[in-house]
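A quick write-up on the structure given underneath.
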């Protein structure tokens, strides 16, 4: 029996943690070629087992998904609804972290202006895994990159708060799970003489949110359902 906590969009069991107990689409030849490429020797019995190509038979009920990114988003949406906040879930997303943040900031501003898909008070939820185009020598991770880009795009707009964290408690090269963005984040940075745009160009989100006291440090959570992002919009007034 395979019990799975998935950090993979779509939750394909053969992909989660490389699916060591499940069959995938690779062939015996693929496995043997990899062993040859890295000069890895195996016993005759193991080689014979690989060459046989016998499929791994998985019976119904032998694979159970215990937790997924969808579960995290559904749980957050339920909590928001209990508090009278309308949840708007975008599901699992991919793509460049800073560009995705700009899109989400634009969506938040549309909602504030009364032109969005939902009305405030609301929370925009998303999961999945973004990427970072490393251009500088800074320190950070996907969620830090997203948060810093979001903070710049929102430019301290009142009534908008956000959180972006990796559910395993470690965001990239930092010692933090992620960070929060508040209307005061940029103001605190400017008061400390920090240029947010330059910090983003250096991929130095960890240093930025350290200075603004917006880092979230949880330590390892011992689980992982990928990244979690939420943008809370208090009301639609400018």
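With respect to being within 21 Å of the chain's Cα centre (by Cα) and farther than 27 Å from residue 85 by Cα, residue 192 falls outside the description. Reported count of residues in segment 1-29, each being surrounded by 12 or more Cβ atoms within 10 Å (Cβ to Cβ) and assigned to a helix (DSSP H, G or I), is 3.
With respect to (1) surrounded by 19 or more Cβ atoms within 10 Å (Cβ to Cβ); (2) in contact with a helix residue (DSSP H, G or I) (Cβ under 6 Å, 6 or more places away or on another chain), the lone exception for residue 139 is condition (1). Residue count for segment 159-181 satisfying the condition of being at pLDDT 95 or above and under 16 Å from residue 109 (Cβ atoms): 4.
Of everything in segment 179-189, what is surrounded by 13 or more Cβ atoms within 10 Å (Cβ to Cβ) and farther than 14 Å from residue 144 by Cβ? Give them in sequence order.
Residues of segment 179-189 that are surrounded by 13 or more Cβ atoms within 10 Å (Cβ to Cβ), as a first pass: 179-186, 188-189.
Scanning segment 179-189 gives 182, 183, 184, 186, 188.
Go through 39, 45 for me and flag whichever is part of a helix (DSSP H, G or I), more than 24 Å from the chain's Cα centre (by Cα) and either surrounded by 10 or more Cβ atoms within 10 Å (Cβ to Cβ) or assigned by TED's automatic domain parsing to the domain that holds residue 6 (or both). First the steps, then the outcome.
Values: 39 fails: part of a helix (DSSP H, G or I).
Among 39, 45, only 45 is part of a helix (DSSP H, G or I), more than 24 Å from the chain's Cα centre (by Cα) and either surrounded by 10 or more Cβ atoms within 10 Å (Cβ to Cβ) or assigned by TED's automatic domain parsing to the domain that holds residue 6 (or both).
The values are calculated or read from the model by the stated rules, or taken from the named source; none is laboratory data. For clarity, every value in this text was computed on a predicted model and none was experimentally measured. Note that we place each Cβ from the backbone using ideal geometry, even for glycine, and neighbour counts take in every protein chain shown.
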